[in-house]
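Worksheet: one structure, shown below.
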Amino acid sequence: MADPALLAPDCDAIERLARDVLVRLPAPFAAHLDGVLLRVEEFAEDAVLEELGIDDPFALSGLYTGRPVGEKSSYDSGTLPDMIQLFRRALLDEWVETGVALDRLIAHVVIHEVGHHFGLSDADMEAIEAAAE
């Protein structure tokens, strides 16, 4: 039997790391994450990749689905809950390729998807990250 320390983290381990990120978020942000689901899957579904125009399933490590906080309405009843999905195989591939510590990589992806929950675009988040460097 293989040494567990030598095996790639499974979905549960990735989820624990992601939840650690969420509990460390400042209170003003965390307060608006109630009801947002967190799921870790091996890969994004083919239909999702097709909808996003992504050919390589390793190219998508995280996804937010739902309506951003500022766009929510009392008329939203009956909609699916907002969700942050992480894709294990893409994360592991990026981890190996970049050499970034796995917990830091997961934190980056989770915070990026939380940014979408708050209505930030990819360009907004890139500008914030660039300003922070």
statement: Ala59: passes all of (1) of a type in the set (A, V, I, L, M, F, W, C); (2) open to solvent by 80 Å² or more (accessible area, probe 1.4 Å); (3) more than 17 Å from Asp82 (Cα to Cα) but (2)
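Quick one: which helices (runs of 4 or more DSSP H) sit completely within region 1-70 and have at least 2 residues that are of a type outside the set (Phe, Trp, Tyr), within 14 Å of the chain's Cα centre (by Cα) and under 25 Å from Ser121 (Cβ atoms)? Show your work before the answer.
Values: elements: 11-23, 27-30, 46-52.
Hits in region 1-70: 11-23.
Please work out if Val40 is open to solvent by 70 Å² or more (accessible area, probe 1.4 Å) and within 17 Å of Asp103 (Cα to Cα). Spell out the reasoning first.
Numbers: open to solvent by 70 Å² or more (accessible area, probe 1.4 Å): no; within 17 Å of Asp103 (Cα to Cα): yes.
So Val40 fails the test.
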- line: Looking across region 1-20 at residues that are touching a helix residue (DSSP H, G or I) at 6+ places or on another chain (Cβ under 7 Å) and open to solvent by 50 Å² or more (accessible area, probe 1.4 Å), the single one that is modelled with the lowest pLDDT is Ala8
task: Identify all residues within region 85-107 that are surrounded by fewer than 18 Cβ atoms within 10 Å (Cβ to Cβ), without any contact (Cβ under 8 Å) to a residue 12 or more places away in the chain and either in contact with a Leu (Cβ under 9 Å, 6 or more places away or on another chain) or not charged (D, E, K, R) (or both); write none if there are none.
output: Val96, Thr98, Gly99, Val100, Ala101
task: Might you check whether a residue that is out of contact with any Ser or Thr (no Cβ under 6 Å at 6 or more places or on another chain) and at pLDDT 95 or above occurs anywhere in region 66-76?
output: no
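The values are calculated or read from the model by the stated rules, or taken from the named source; none is laboratory data. Computed from a prediction, not measured in an experiment: that's the story for all the values here. Cβ sites come from the backbone with ideal geometry, for glycine too, and all protein chains shown count toward neighbours. Surface accessibility is based on the protein's heavy atoms, side chains included, excluding ligands, DNA and RNA. Shrake-Rupley method; radii C 1.70, N 1.55, O 1.52, S 1.80 Å.
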